[in-house]
Amino acid sequence: MTGGAGFIGSHVTDALSASGYDVLVVDDLTGGTPDNVGDSTALEVLDIRDLDALVRVSKTFAPTVVCHLAAQPSVTASVRDPRHDLTTNVLGTLNVLEAARTVSAPTTFASTGGALYGDEAPIPTREDCPPRPLSPYGASKLCGEAYVATWSRLHRLPNVILRLANVYGPRQDAHGEAGVVAIFSKLLLQNAAPTVFGDGTQTRDYTHVHDTADAFVRAAQASSGGTFNVGTGIETSVLALLGHLQEAAGTTIEPRFAALRPGELPRSALDASAIGGSLGWVAQMDAARGLADTLRTYATR
């Protein structure tokens, strides 16, 4: 499990462990923390750009499946430093695939939805929509997908690509577009005004991390590969998101507004009917309940 000490990765690790898997977490801890890794789960601190280290760990642990979530996850950071985004998300992915190949293990790759499809995609977007990324992050994930699919054909491994919507939930930090849930929650609990970028009408498909983790478990258990969206298919605007969180927090704070950041999309939502048909996955958590539950976890910190 690469990136298993991070927000999404730690929940996937928990779900895999609960399903009976022995899990080895590989993480360089730049975006994760050992606190997210359970006492019964092994942790190897290493950078996925280090191919020799990855191969050594793979041969020692001999996984039956590799879940690859380690990445540079921020759209805005990718615009500021596209070379770092490239080396982590493309070269790192190639290294993970090569390490998995040495033990004949299939790979489940965490890709992206909105950042991949671009701003001209029909909503909700299906997997057959041509990718038109607007940011280096989206481009790096598209390139990573190409390697995952190529290694699947070249080495006859049932690799799976999961194109994730905007994941939120407990343990979330401020990285990535869905980090807005964590940022807004913390500010509202401090009775401070959140900042809304743009006019607040831009939409995202907010998917709870527990639902997302279930998709990875189903992909790990699959006997064939494929590319699947993981989302609710429902658009939620930034202002509606803030409204859900304000209701949960019992606040009515007026937000500040700032210019929309480069690389961000006006709308995004994913059609997840394909993964429902192939793997039986359907999102279970609605936004209002999931956001309220998430905000409460920040109140206890």
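The values are calculated or read from the model by the stated rules, or taken from the named source; none is laboratory data. Note that the structure is predicted; figures quoted are calculated from it, not measured. All Cβ positions, even for glycine, are placed from backbone atoms using ideal geometry, and neighbour counts span all protein chains on display. Each accessible area value is taken on the protein alone, full model and side chains, heavy atoms only, with ligands, DNA and RNA left out. Shrake-Rupley method; radii C 1.70, N 1.55, O 1.52, S 1.80 Å.
Count charges around D50 for me, please; just the other residues with Cβ under 14 Å from its Cβ, Lys/Arg as +1, Asp/Glu as -1. If you can, show how the numbers build up before the last one.
On the way: positive: R49, R56; negative: D27, D28, E44, D47, D52, E98.
With Lys, Arg at +1 and Asp, Glu at -1, the net is -4.
Per residue, how big is the convex hull around the C-alpha atoms of the stretch 121-233? Give it to me in cubic angstrom, could you?
Cα convex hull per residue, to the nearest whole number: 127 Å³.
Largest first and to the nearest Å, give the Cα extent of the stretch 1-154 along each principal axis.
For the stretch 1-154, the Cα spread along each principal axis is 45, 35, 31 Å.
Report relative contact order for the stretch 19-131 in percent, whole number only (criteria: Cα-Cα under 8 Å, sequence separation at least 6). The partial results should precede the final answer.
On the way: 114 pairs, mean separation 29.0, N = 113.
Relative contact order here is 26 percent.
Based on the Kirkwood radius over alpha-carbon pairs, what is the Stokes-Einstein translational diffusion coefficient of the stretch 1-66 at 20 °C with 1.002 mPa s viscosity, in µm²/s?
Working: Rh = 11.8 Å.
The estimated diffusion coefficient comes to 182 µm²/s.
Can you compute the radius of gyration and Dmax for the stretch 198-301, using only the Cα atoms, both in Å?
16.1, 50
Once phi is turned into ³J(HN,Hα) by the Karplus curve 6.51 cos²θ - 1.76 cosθ + 1.60 with θ = phi - 60°, what whole-Hz value does each residue of the stretch 123-135 show in order, with x for glycine and proline?
10, x, 8, 9, 5, 7, 6, x, x, 9, x, 9, 9
Accessible area, 1.4 Å probe, largest first: how do E120, E44, E145 sort?
E120, E44, E145
Using the heavy atoms of the protein chains alone and a 1.4 angstrom probe, what is the accessible area of the chain per residue in square angstrom?
In whole numbers, the chain has 43 Å² accessible per residue.
Using alpha-carbon pairs under 8 Å, 6+ residues apart, how would you state the relative contact order of the chain in percent? Walk me through the numbers on the way to the answer.
On the way: 625 pairs, mean separation 56.9, N = 301.
Here the relative contact order equals 19 percent.
Taking the chain as a Gaussian network, Cα atoms linked when under 10 Å apart, which of L270, L69, L154 shows the biggest mean-square fluctuation?
L154
Using a 10 angstrom cutoff on alpha carbons, build the Gaussian network for the chain and name the most mobile of D211, D14, D199.
Taking springs between Cα atoms under 10 Å, the residue moving most is D199.
Taking only Cα atoms of the chain, what ratio of Rg to Rh do you get with Rh as the Kirkwood inverse-distance radius? It would help to have the intermediate numbers written out before the result.
Details: Rg = 18.3 Å, Rh = 19.2 Å.
On the Cα set of the chain, Rg over Rh gives 0.95.
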